[in-house]
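Enquirer: This is the structure, below, for whatever I ask next.
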Amino acid sequence: MLFPPMQKATMHRVKVRVEKLAVHTKRAFAIARGSSDSFERVVLTLEEGGASGRGEAAPTDYYGGHAETVAEALEGVEVRDPWDIEGTLRENEGLHPSALAALDGALHDLAARRLGVPVYRLLGLARPQPRSAYTLGIADPETTVAEARRLSRFPILKMKVGGREDVETVRAVAEFSDAVLWVDANEAFSPDEAPEVALELKEMGVRMVEQPVPASAGPEAMRVVTEAVRPLPVISDEGAVDAGDVPALAGCVSGVNVKLAKCGGIRRALEQIHTARACGMMVMLGCMVETSLGIATAAQIAGLVDFVDLDGAMLLADDPYIGLSYENGRIVLPPDSPGLGVEPL
């Protein structure tokens, strides 16, 4: 019996494109470590078989990331099989976490687009409808109070603080605002003063405190704050970079802040979330100042967490992507759009 000759499967080479872009916030964004209104981001595009997927890198100095070196590293990524997301991430595990997050996002976007489904469906999740906090950077009391009044339609406001004077600004906002207030100190207080500050915030009605002490002070310093204000949630951010940091924090904090740019993307974020849950901890999903591309990537897993702080694109004056909509803090993913659901302007 004769059989027709076997046809070789056509393998398309994966084309890699990398671009740097600068985005700007509507106003200077200040935290305890500094202030800026311009942020460099790197976008990775993978093209294969007529389809393309995109991912965003949001490097920051604090975590040792710089746009120039991240872009150079992404130019050299190896993608042997774009369907093998885990294998591709392992082959490129030497990348800076923000660069790995861009590769992770592009791989998920590409695979989901080729299948014609949203990324959250690819992950086996329901369509997320997260309600995010809106962040108020550090400013003088008059400016912050005016901003809080302007944002009265937002149900959750997160206030950055860098010292005692900013705690008084929180008090001024708490006196009139109906919003749920979260406070993020970005390591601003010493282990000695942090418990007292956190107690003051609790008495004002603040509903969550994030990273009140330096990560370098260790989990025990966070434990003292957590025990002082229980049951007010105390969340570790700078002290919880990836899944490996979580077990040591168990019993010392209420939960951890997971950010794709610091842990390495969706897959690594899922590892961190599941590790936190196994340790009986709450989970916050955060972001850097990012475009809608980066926010859309994180939003795919927002249904798995307790606190959502994905306002990075809401802060921008020049978001270069469309697809997501923002309705008074709610992030609306386009229904059933394949991939991440965003496109460049």
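Enquirer: Quick check on this structure: which one of Ala276, Ala240, Ala296 is buried (at least 24 other Cβ atoms within 10 Å of the Cβ) and closer than 16 Å to Pro128 by Cβ?
Expert: Of Ala276, Ala240, Ala296, the one residue that is buried (at least 24 other Cβ atoms within 10 Å of the Cβ) and closer than 16 Å to Pro128 by Cβ is Ala296.
Enquirer: Taking Glu271 as the residue in question, decide whether it is in a loop (DSSP other than H, G, I, E, B) and within 16 Å of the chain's Cα centre (by Cα).
Expert: Against the criterion (in a loop (DSSP other than H, G, I, E, B) and within 16 Å of the chain's Cα centre (by Cα)), Glu271 does not qualify.
Enquirer: Give the stretch 92-110 a look and list any residue that's surrounded by fewer than 20 Cβ atoms within 10 Å (Cβ to Cβ) and either in contact with a strand residue (DSSP E or B) (Cβ under 7 Å, 6 or more places away or on another chain) or not assigned by TED's automatic domain parsing to the domain that holds Gly49 (or both), or say none.
Expert: Hits for the stretch 92-110: nothing passes.
Enquirer: Follow-up. Could you please find all residues in the stretch 148-167 being closer than 17 Å to Ile31 by Cα and surrounded by fewer than 17 Cβ atoms within 10 Å (Cβ to Cβ)?
Expert: Hits for the stretch 148-167 are Gly163, Arg164, Glu165.
Enquirer: Related question: Looking only at the stretch 278-310, how many residues end up being under 24 Å from Ala112 (Cα atoms) and acidic (Asp, Glu)?
Expert: Residues flagged as under 24 Å from Ala112 (Cα atoms) and acidic (Asp, Glu) within the stretch 278-310 amount to 1.
Enquirer: Give me the helices (runs of 4 or more DSSP H) completely within the stretch 168-264, filtered to those with at least 2 residues that are under 30 Å from Leu293 (Cα atoms) and of a type outside the set (D, E, K, R), ordered by residue number.
Expert: The helices (runs of 4 or more DSSP H) meeting that bar are 260-263.
Enquirer: Just for the stretch 124-147: of the residues that are surrounded by fewer than 18 Cβ atoms within 10 Å (Cβ to Cβ) and assigned to a loop (DSSP other than H, G, I, E, B), which one is farthest from the chain's Cα centre (by Cα)?
Expert: Here the answer is Asp140.
Enquirer: Shifting gears a bit: Please go through the stretch 327-341 and give me each residue that is closer than 30 Å to Leu181 by Cβ and touching a residue at least 24 places away in the same chain (Cβ under 8 Å), ordered by number.
Expert: Correct list: Asn328, Gly329, Arg330, Ile331, Val332, Leu333.
Enquirer: Report yes if some residue within the stretch 31-38 is of a type in the set (A, V, I, L, M, F, W, C), farther than 28 Å from Leu115 by Cβ and in a strand (DSSP E or B); otherwise report no.
Expert: Yes, the conditions are met somewhere in the stretch 31-38.
The values are calculated or read from the model by the stated rules, or taken from the named source; none is laboratory data. Just so you know, these numbers come straight off a predicted model, no measurement behind them. In this analysis, Cβ positions are derived from the backbone assuming ideal geometry, glycine residues included, and neighbour counts consider all displayed protein chains.
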